Every structure is written in C-alpha cells, then in structure tokens.
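Derivation of every value follows stated rules applied to the coordinates shown; laboratory data play no part. Keep in mind that this is a model prediction, so the values were computed, not measured. Please note: Cβ atoms are built from the backbone with ideal geometry, for glycine as well, and neighbour counts cover all protein chains shown.
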Amino acid sequence: MKKQAPKKQWESADFEKVFLPGLAIDSVIFGFHDNKMMVLLLQYKNTNTYALPGGFIYRTEDVNDAAKRILQDRTSLSNIYLEQFYLFGDFDRKDNSMETIMKARGMKLTKNHFLLNRFVSVGYYALVDYTKAIPTKDEMSDDCGWYDLNKIPPMIQDHKKIVHKALETLRENFNKKLIGFKLLGDKFTMNELQKLYETILGVKYRRTSFQRMILNLKILKQVDTKKTGAAHKAPYLYTFKKEK
C-alpha cells in the first residue's frame, strides 16, 4: 500500500521521507479548441506568474505512475496519452519565483525549505480531449485553466522552455505515431482533422490532397453525418479505428 501525502505537502517536515528529494515532474497538457492549440496552466495570484501542472514522486511510486496521478488530479481524466519527453536539469533553472509565490500565500520561509531547493524535472506531455477535461488547481495555485499556446503568459523558471520542447517533440511524433486523434472527440469531421494537422504542424493542405492522404492510411471509419441544420450536404463524421 502506497503512503499518502500529507494534507499540505509543502508544510511537511518529513518531505524527504515521503517523496524523492530533488526530483519533480512538470507536465505539458495539450488540448485543441476552436482550431487553436491550448495548454493547461496553473495561476498564482498577486504574483503575475503561471506554471505548468507538476508535482513530486512518492518513494514507493514509479515515475510514470506519478505522472499519471498528477495528470488525473489536474484534469480528472485517466487512461489518456502521456509521454515522457525530456529531462530538465540546468544548473540555473532555479530562480526566486517560488519564494515570491510562497510569500504571496503568507507561507513561512525557512532557509532549508524544500521548495526553495534546486529540482531536476522530468518532462511529460499529454494529449487530452478539451471537452472532457475538468481543470483543477493544486494546493499551491489559485486557478487552473486553458491558455492559447500562442499567447502564453509569464511563467516561472524554465516552464516556457519546457512548453516549447514539448511542442517540438509533439510535432516530431505527430505523423510517426498518429497521436493527433487523442486531441479530438470521439467523432470528428475531415475538416476538423485537417485543421488540427495544420495548427500543430504549421502547414496548409489542399482539402482534396489532405483527404486522400488520410484515407489512404486506412485508419478512419466513417460512422455518421454531422447534423448542421444547413441546406448544403452535411459532412461525414469519422472515428479512429481502434485496431489500427
């Protein structure tokens, strides 16, 4: 049976007995909405700073299990696409942002408080259905919400660098692993899929060329037509073939 974290992790005098010291997880959670790539961020009031959802690893826990737990806590989703993509351990990644956040929350600062130490962070990115995720703040933050990837607000430490590295990795894996479908709902139109490709890859496709390319992969199944209420022909709805 795994140990449970103290109610307030940052106030625990036994932090290093419960969690692995010096190691953390930062997750870049991507969603797709209104033809925009979105990223889930935590907000800290009175500091004008934001951060990626993250957390610590129990001594009795696998690193991947910790990432899944953290992700579920922030989105209320489980069994979604999650991939470890980079280790962030630059010596100068530590700054005074955590001290600022702690002061803004009225927390007592001590010289050896574990939150003020240097952490090496394991980076994960996740692809979620925007419509199903329920953004949930953690114990340190004041809010959790979606932000346009092209309009990311000021972030602590090297978190903006982590986002850019995650996006770079997502683009590299997008066609090789056919993971883009994880960002769509259970059913989608060909146009919605094309917009997703164009948004992530930053390219434009001719409609007929894109449709031919996708259908030749034989990974889609036509399931219905989209009810639009318009006079013109309703577009087909597709779903991803699970066996593919």
Listed residues F56, T131, L193: farthest to the positive end of the dipole of the chain (Cβ charges): L193
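Per residue, how much space in cubic angstrom lies within the convex hull of the C-alpha atoms of region 185-240? Kindly include the intermediate steps, with their values, before the conclusion.
Numbers: hull volume 5.4 nm³, N = 56.
Spread over its residues, the Cα hull of region 185-240 gives 97 Å³ apiece.
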From zero up to wherever the largest Cα-Cα distance of the chain sits, split into 5 Å bins and tell me the percent of pairs in each. 1, 6, 12, 16, 18, 14, 10, 8, 6, 4, 3, 1, 0, 0
Full-extension gain between E172 and L87, please, as 0.36 nm times their residue separation minus the C-alpha to C-alpha distance. 28.9 nm
Roughly how many debye, to the nearest 20, is the charge dipole of the chain about its Cα centre, given +1 on each Lys and Arg Cβ, -1 on each Asp and Glu Cβ, and no other charges? 880
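Between R206 and T136, take the C-beta separation as r, use R0 = 45 Å, and let me know the FRET efficiency to the nearest 0.05. Present the calculation step by step, with values, prior to reporting the outcome.
Details: r = 41 Å, r/R0 = 0.91.
Here the calculated transfer efficiency is 0.65.
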Can you tell me the order of 216-222, 57-63 when each peptide is scored by its average per-residue count of other Cβ atoms within 10 angstrom, highest first? 57-63, 216-222
Lys/Arg Cβ at +1, Asp/Glu Cβ at -1, dipole of the chain taken about the Cα centre: which of N96, Q211, M140 is farthest positive-ward? Q211
Quote the relative contact order of the chain in percent (integer), defining contacts as alpha-carbon pairs under 8 Å separated by 6+ residues. 23
